[in-house]
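The values are calculated or read from the model by the stated rules, or taken from the named source; none is laboratory data. Since this is a predicted model, take the numbers as computed values, not measurements. Cβ sites come from the backbone with ideal geometry, for glycine too, and all protein chains shown count toward neighbours.
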Amino acid sequence: MSAARSASPAGAASSSSAAAAAAAAAAQANLKPIQVKLVLLGEAAVGKSSLVLRFVNNEFQENKEPTIGAAFLTQKCKLDDKIIKFEIWDTAGQERFHSLAPMYYRNAQAAVVAYDLTKPASLEKAKAWVKELQRQANPNIVIALVGNKLDLASTARGVSTEEAQAYANESGLLFLEASAKTGEFVMDIFTEIAKKIPLDTLAAARQRTGLTSGGGAGGASSSGRVDLNQNPANSQGADGNCAC
Ligand SMILES: Nc1nc2c(ncn2[C@@H]2O[C@H](COP(=O)(O)OP(=O)(O)O)[C@@H](O)[C@H]2O)c(=O)[nH]1
Ligand SMILES: [Mg+2]
């Protein structure tokens with residue numbers, strides 16, 4: 001401290017202005033969105049695309065056409081004094097064949113694994129996806145198990161809350177039941193994920209590496225579409241710097 005002061009004639013003044021600059025930089029850093037790559041997984045027709053549509057546009061389409069080409073959507077969300085920008089990767093129906101390339105979830109910081117709470121088989125499928133994520137994805141990935149179609153629970157529930165909650169607890173997952181149709185608890189999925197992600201670590205890492213993207217968006221085009229079928233070997237940016 002004293003060494004710094006003697007090194008600079010305007011030591012006191014510059015250290016206080018440096019502190020002010022640091023505070024301003026910190027405030028600025030908080031304003032800068034922290035990008036979080038989030039992938040959706042789960043059996044076809046459980047409502048993955050509908051959950052995203054509800055979260056991003058606050059809409060619901062009754063007979064939603066299956067996603068053509070994979071969608072890449074973004075949505076910002078504020079948590080305390082931080083802004084999180086979710087980069088959401090929705091599938092193009094490859095989940096029907098369980099053929100999602102690992103590049104889809106590579107580098108994801110978060111995953112929503114959805115099932116349809118009227119269909120017990122879809123919970124089994126969700127468990128298989130969780131296993132795959134735990135085996136292949138980033139070891140710190142935050143996974144939320146979501147039982148969708150809560151609006152049908154009173155008439156057609158096939159999976160009890162207790163069963164799914166117990167499985168989520170033993171596997172270390174967040175767990176929520178939600179309805180893309182009514183919107184109930186959809187925001188909560190993303191808020192709970194944001195709370196569990198080590199945002200400070202993520203922001204610091206981004207600053208260190210100078211990365212601005214959640215990584216893995218190497219296949220994203222300006223149209224917001226990504227080709228998930230592309231060869232993973234070719235999926236990195238030209239500088240090979242797509243991974244974070
Ligand atoms: N009742 C009800 N239907 C839903 C809900 N979410 C999605 N759906 C319907 O389920 C079907 C499949 O939805 P979609 O989002 O395409 O599923 P995805 O294949 O997992 O992306 C569509 O007909 C949706 O309208 C929900 O919360 N409640
Ligand atoms: Mg879909």
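The table for this structure:
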{"read-out": "Residues being of a type in the set (Gly, Ala, Ser) and either touching an Asp or Glu at 6+ places or on another chain (Cβ under 6 Å) or outside any helix (DSSP H, G or I) (or both) - total across the range 158-209", "value": "7"}
{"read-out": "Residue that is surrounded by the fewest Cβ atoms within 10 Å (Cβ to Cβ) [pool: residues in the range 22-60 that are more than 30 Å from Arg157 (Cβ to Cβ) and at pLDDT 80 or above]", "value": "Lys32"}
{"read-out": "Residue match in the range 148-159 (condition: crowded, with 18+ Cβ neighbours inside 10 Å and basic (Lys, Arg))", "value": "yes"}
{"read-out": "Among (1) within 16 Å of ligand 2 (Cβ to nearest atom); (2) modelled with pLDDT of 90 or more - the single one Ile84 does not satisfy", "value": "(1)"}
{"read-out": "The range 165-186 residues that are free of Cβ contacts under 8 Å to residues at least 12 places away in the same chain and of a type in the set (Phe, Trp, Tyr), paired with ones that are surrounded by fewer than 17 Cβ atoms within 10 Å (Cβ to Cβ) and part of a loop (DSSP other than H, G, I, E, B) (beta carbon under 8 Å, 6 or more apart)", "value": "none"}
